[in-house]
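Trainee: My questions will all concern the structure given below.
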DNA sequence: GAAAATAGTTATCGCGCGTAAAATTTAATT
DNA sequence: AATTAAATTTTACGCGCGATAACTATTTTC
């Protein structure tokens, strides 16, 4: 194989004995040609290895088969994991994913949407910052390109949203914590940009009320994405000050919990549900590292795979139907309790 | 601003009063036109918001301004971090980075190179798997596209390599460990795919000899990228079996160390250099999470920024000179000792 | 086996822009 | 003001492929 260099479809038509328009049809949809000619094309293809020029193809096609995937921060293993799932779903459906990270900066999110616009994507899967996002920019973008958001919801914007049911999952862990020990107080950042954080707080309040306990929320200052640092510094401060009302702390997310666990260790405070333990710490998200904390973190697992696949399939449905959804869809998946040693 | 919709450069030429070829020159290099016309163009640009069609541009340009960035696994924070640095360097130089992860699978690395080929990138920054990489595929790719590898070297392949000086950095930490306590034994995977692992082992042997101690290496089975898991399972097994000759263990990388630390915690083995500690554990890489382990991990920090920037600037130099390097360049940066509580 | 349906062919246009050559304008120099 | 160099405009072509129309070949249907 690999004889002469094929420069374009014309040349490939010559060597394969198939006319160029038929080849064009084949490359657009292999099943649109007769079985016998398809086999002839693929035989020639294995001999001459030719691939249509992406730029020429995308210039002329009405819409590309590119799917933009935008996540707020690839440095967060949660997003690199879910980003990977989304990429795989796109590839499986015959689309070309283009993964962009906003590096923790809302301004970059907007820049990413601008870059994507130039690539004329068939659709975009966006995990937005939430409140920190430029809502106007996203709205404008959604007018031009079908968008499905995941992880974080921006109320009323885009075709659909797929995420986790924070109320269900918080109830799950609050119930467990109340049943197995002292009711939890809640630890979070004062100004969380992620809308899930607000839902989780609300869900915590409701769950505690439902179980007949008085909720206690501790909000700490801190900015940016260095959650472990904030969890360690502020969590450690609260622990050593004896500020928590009960011996059980439910953190708004795993990364805060990871930081707090490290602070507890430094302070010599033994964490867990064992006899010699003096406090329990739980998180939310089932961060990839949470099983290697000391002690391993009890948390709520989000169904990464389900979220990614549903978001992707919803987008493909919109793209392929060529009509926008008449009604905005919101899908949330249940979280699962992951019991480890920390609570 | 934003009156009528400009569909192409022709229309923009009409409304701006500048000829299309001049506009074309401007978009290729804003400084290639006279200052006064540049200002006229930019004035019109702010009124009509027009951007050249990427696909049409790339189809006709001899070479694109795309830079492929391929890392072995974005789920590893080390690579997401260095990937980010590389992306920023590309953007700063006016190139368009395209970030691809091989998801821990060498076959995907090859697939990524194939996808990149279709995008006709001006160059590629590749962090290869190393021995697990398809050397032939990389070599063939390098014939068509200028490539600079980073992090992991593939001897003799590609234009240049940029990484960390494993011999320097291992010496640094071995010297520290020997000076401050018992000499370290070495913990690693039996079949590391990363070439750095082999260099680190070699460097450990040499450093120990230099300091007059007998080296001891522990190689454990395990496959894939779940290093923490391997570190926890196998490291824990060795700890509880009392298999380590000295109380100090130098792990081949931080992720193994993170796993081993969690195993030590489970076993109630106190790690650190304090009085009540029974063993010391050190790592290499300064993984983003290593400061939140229990205790925080003593390690060797790689200079992510320097590596990323040097790799990028080397590639740009090759691209812009339009000639391949006469001699393959290898650049390594020194690691820095990061002293924390674990050793 | 002829008509109908399907698939393939030839021919031709257009997409939006890079690029080259020649003609023209503008700016810099003497 | 005349000469020269530099920048811009005009004109024209080409990139590789999508799309379509009109025609021909092949396959299906009864």
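Trainee: What whole-number value in cubic angstrom gives the convex hull volume per residue for the C-alpha atoms of the protein assembly as shown? Walk me through the numbers on the way to the answer.
Mentor: On the way: hull volume 125.4 nm³, N = 686.
Each residue corresponds to 183 Å³ of Cα convex hull volume.
Trainee: Find how much the distance from residue A:266 to residue A:35 grows on full extension, using 0.36 nm per residue of separation minus their present alpha carbon separation; answer in nm with one decimal. Intermediate values should be presented prior to the final figure.
Mentor: Working: separation 231, 0.36 × 231 = 83.16 nm, distance 6.85 nm.
The span from residue A:266 to residue A:35 would gain 76.3 nm if fully extended.
Trainee: How big is region B:51-158 on each of its three principal axes, counting only the C-alpha atoms and giving the largest first in Å?
Mentor: Each principal axis gives a Cα extent; for region B:51-158 these are 42, 29, 21 Å.
Trainee: Right, next: Okay, helix-only estimate at 222 nm for the protein assembly as shown: each DSSP H run of n ≥ 4 adds -39500 (n - 2.57), divide by all residues, round to 500 deg cm²/dmol; what do you get?
Mentor: Details: 24 runs with 306 residues, N = 686.
My calculation for the protein assembly as shown gives -14000 deg cm²/dmol from helical runs alone.
Trainee: What does the average come to when, for each residue of peptide B:53-62, you count the partner chain Cβ atoms lying within 10 Å of its Cβ? The partial results should precede the final answer.
Mentor: Details: counts 5, 8, 13, 5, 3, 6, 8, 3, 1, 0.
Average per residue, whole number: 5.
Trainee: Could you work out the per residue convex hull volume over the alpha carbons of region A:241-290, in cubic angstrom? Spell out each step's value before the answer.
Mentor: Values: hull volume 4.1 nm³, N = 50.
Convex hull volume per residue, Cα atoms: 81 Å³.
Trainee: Once you have all Cα-Cα distances for region A:9-60, histogram them in 5 Å bins from zero and send the whole-percent values.
Mentor: P(r) for region A:9-60, in whole percents per bin: 4, 21, 34, 26, 12, 3.
Trainee: Next question, about the same structure. Using alpha-carbon positions, what is the distance between the centroids of region A:267-317 and region B:1-69, in Å?
Mentor: Cα centroid of region A:267-317 versus Cα centroid of region B:1-69: 49 Å apart.
Trainee: Can you sort A:12, B:213, B:150 from fewest to most other Cβ atoms within 10 Å of each residue's own Cβ? Spell out each step's value before the answer.
Mentor: Values: A:12 22, B:213 17, B:150 27.
Fewest-to-most ranking of A:12, B:213, B:150: B:213, A:12, B:150.
Trainee: Right, next: What is the extension gain from residue A:306 to residue A:137, computed as 0.36 nm multiplied by their sequence separation minus the C-alpha to C-alpha distance, in nm to one decimal? Mind showing how you got there, number by number?
Mentor: Working: separation 169, 0.36 × 169 = 60.84 nm, distance 2.79 nm.
In short, 58.1 nm is gained.
Trainee: Applying 1/(1 + (r/R0)^6) with R0 = 51 Å to the Cβ-Cβ distance of residue A:241 and residue B:111, what FRET efficiency is obtained, to the nearest 0.05?
Mentor: Values: r = 53 Å, r/R0 = 1.05.
Efficiency at R0 = 51 Å is approximately 0.45.
Trainee: Another one. Quick check: convex hull of the Cα atoms in chain B, volume per residue, rounded to a whole Å³? All intermediate terms of the calculation are to be shown ahead of the outcome.
Mentor: Details: hull volume 54.6 nm³, N = 343.
Hull volume normalised by residue count: 159 Å³.
Trainee: Further question: Along Cα→Cβ, 7 Å out, is where each label goes; now give me the distance between the ones at residue B:220 and residue A:7 in nm to one decimal.
Mentor: Each label point lies 7 Å from its Cα, and together they span 5.8 nm.
Trainee: Could you give the spread of the C-alpha atoms of region A:1-94 along their three principal axes, from largest to smallest, in whole angstroms?
Mentor: Sorted largest first, the three principal extents are 51, 29, 25 Å.
Trainee: Can you give the FRET efficiency to the nearest 0.05 for residue B:324 and residue B:15, using r as the Cβ-Cβ distance and R₀ = 45 Å?
Mentor: Working: r = 43 Å, r/R0 = 0.97.
About 0.55, to the nearest 0.05.
Trainee: Hey, could you get me the Stokes-Einstein D for region A:104-237, Kirkwood radius over alpha-carbon pairs, 25 °C and 0.890 mPa s, rounded to whole µm² s⁻¹?
Mentor: In µm²/s, the coefficient is 146.
Trainee: Round to the nearest 0.05 the FRET efficiency obtained for residue A:276 and residue A:211 when R0 = 30 Å and r is the Cβ-Cβ distance.
Mentor: Numbers: r = 27 Å, r/R0 = 0.90.
Calculated value: 0.65.
Trainee: Region B:260-324: Rg/Rh from Cα coordinates, Kirkwood Rh?
Mentor: Details: Rg = 19.5 Å, Rh = 14.6 Å.
In region B:260-324, Rg relative to Rh is 1.33.
Trainee: Give me a single rounded figure for A:286-292: the average over its residues of other chain Cβ atoms within 10 Å of their Cβ.
Mentor: Details: counts 0, 1, 6, 10, 0, 5, 15.
What the average comes to for A:286-292 is 5.
Trainee: I would also like to ask the following. What's the Cα-based Rg to Rh of region B:109-184, Rh via Kirkwood?
Mentor: Numbers: Rg = 17.1 Å, Rh = 14.2 Å.
Taking Rh as the inverse mean 1/r over Cα pairs, Rg/Rh reads 1.20.
Trainee: Remind me, relative contact order of region A:174-320 in percent, using alpha carbon pairs under 8 angstrom and six or more residues apart?
Mentor: Values: 227 pairs, mean separation 29.1, N = 147.
Normalised by residue count, the contact order of region A:174-320 is 20 percent.
Trainee: Here's something else I'd like to know. Please grab the % of Cα pairs in region A:166-301 that end up more than 23 Å from each other.
Mentor: On the way: 2087 of 9180 pairs.
The share of Cα pairs beyond 23 Å in region A:166-301 comes to 23 percent.
Trainee: Report, in degrees rounded to the nearest 10, the 0 to 90 angle that the Cα long axis of helix B:106-118 makes with the longest principal axis of chain B.
Mentor: With both axes taken from Cα atoms, the answer is about 10 degrees.
Trainee: Now a separate question. Using mean Cβ contacts within 10 Å as the protection proxy, how do B:152-161, B:169-178 order, highest first? Write down the numbers at each step before the final one.
Mentor: On the way: B:152-161: 19.0, B:169-178: 21.5.
In decreasing order of mean packing, B:152-161, B:169-178 become B:169-178, B:152-161.
Each reported figure results from applying straightforward, stated rules to the coordinates on display, with no laboratory input. It should be emphasised that the depicted structure is a prediction, and the values quoted were computed from it without experimental measurement. As a convention, Cβ positions derive from the backbone with ideal geometry for all residues, glycine included, and neighbour counts pool all protein chains shown.
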